[in-house]
1. So Thr125 passes all but one of these: (1) outside any loop (DSSP other than H, G, I, E, B); (2) at pLDDT 95 or above. Which condition number does it fail?
2. Can you pull out the residues in the stretch 77-119 that are among the aromatic types (Phe, Trp, Tyr), touching a Lys or Arg at 6+ places or on another chain (Cβ under 9 Å) and closer than 17 Å to Met59 by Cβ?
3. Quick one: which residue in Gly84, Gly37 is free of Cβ contacts under 8 Å to residues at least 12 places away in the same chain and either acidic (Asp, Glu) or surrounded by fewer than 18 Cβ atoms within 10 Å (Cβ to Cβ) (or both)?
4. Just to be sure before I move on: is Glu49 touching a residue at least 60 places away in the same chain (Cβ under 8 Å), acidic (Asp, Glu) and closer than 25 Å to Val136 by Cβ in the structure I sent?
5. Restricting to the stretch 94-151, what's the tally of residues that are among the acidic types (Asp, Glu) and under 25 Å from Ile23 (Cα atoms)?
Amino acid sequence: MSTLLLRMRAPMMCWGDHSRFTIRDTRREPTKSAVIGLLCAALGRSRWEPVADLTALKMGVRINQEGLVQCDYHTVQGSIKSSGSKGDTVISQRYYVADADYLVGLEGSDRAFLESLDAALQSPTWQLYFGRKSFVPSCPIAIAVHDEPLL
């Protein structure tokens, strides 16, 4: 077994797993779906392409520095309803994690596949961000592939 190590560090990150409408939550650590989304952006995979090879990877997270959960309030005026008519002013609460640092490990049996993910993270096809487009990494994400299991 080989393990790809990723460093996820940024001033702000969002790891939502059940956000709906005006309340956009965050978990305190990266979710597997967020990491898969990050890898898809690096690889240049579209949303409709299969991700079974990525979901098969075993994932673990070590919290190097626990971040603070913060809330940001957004006001949207002049919204448009699905009927096409003008909507009311909408106030939303968007939570995020500030100043966190994580080490994420992805374990798989195919070292060449993990190396291709590592290379994609070093030269991504699309912009990499942590949950929202303005939440960009503060250091390189990819560390290396190691010939050791995740634990």
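The values are calculated or read from the model by the stated rules, or taken from the named source; none is laboratory data. Quick caveat: nothing in here was measured; it's all calculated off a predicted structure. Here the Cβ positions follow ideal geometry from the backbone for every residue, glycine too, while neighbour counts run over all protein chains shown.
1. Evaluating Thr125 over (1) outside any loop (DSSP other than H, G, I, E, B); (2) at pLDDT 95 or above leaves (1) as the failure.
2. Here is the first cut: in the stretch 77-119, the residues among the aromatic types (Phe, Trp, Tyr) are 95-96, 102, 113.
From what's left, touching a Lys or Arg at 6+ places or on another chain (Cβ under 9 Å): 95-96, 102.
Tyr102 - this is the single residue of the stretch 77-119 that is among the aromatic types (Phe, Trp, Tyr), touching a Lys or Arg at 6+ places or on another chain (Cβ under 9 Å) and closer than 17 Å to Met59 by Cβ.
3. Values: Gly37 fails: either acidic (Asp, Glu) or surrounded by fewer than 18 Cβ atoms within 10 Å (Cβ to Cβ) (or both).
Going through Gly84, Gly37 in turn, just one is free of Cβ contacts under 8 Å to residues at least 12 places away in the same chain and either acidic (Asp, Glu) or surrounded by fewer than 18 Cβ atoms within 10 Å (Cβ to Cβ) (or both): Gly84.
4. No: the conditions fail for Glu49.
5. Here is the first cut: in the stretch 94-151, the residues among the acidic types (Asp, Glu) are 99, 101, 107, 110, 115, 118, 147-148.
Right, trim to under 25 Å from Ile23 (Cα atoms) and you get 99, 101.
Total meeting the criteria: 2.
Residue by residue, here is whether (1) under 20 Å from Leu128 (Cβ atoms); (2) under 21 Å from the mean Cα position of the chain (by Cα); (3) at pLDDT 95 or above; (4) not in a loop (DSSP other than H, G, I, E, B) holds:
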{"site": "Ala41", "(1), (2), (3), (4)": "yes, yes, yes, yes"}
{"site": "Arg47", "(1), (2), (3), (4)": "yes, yes, no, no"}
{"site": "Asp53", "(1), (2), (3), (4)": "yes, yes, yes, yes"}
{"site": "Val61", "(1), (2), (3), (4)": "yes, yes, yes, yes"}
{"site": "Val69", "(1), (2), (3), (4)": "no, yes, no, yes"}
{"site": "Ser82", "(1), (2), (3), (4)": "no, no, no, no"}
{"site": "Ile91", "(1), (2), (3), (4)": "no, no, no, yes"}
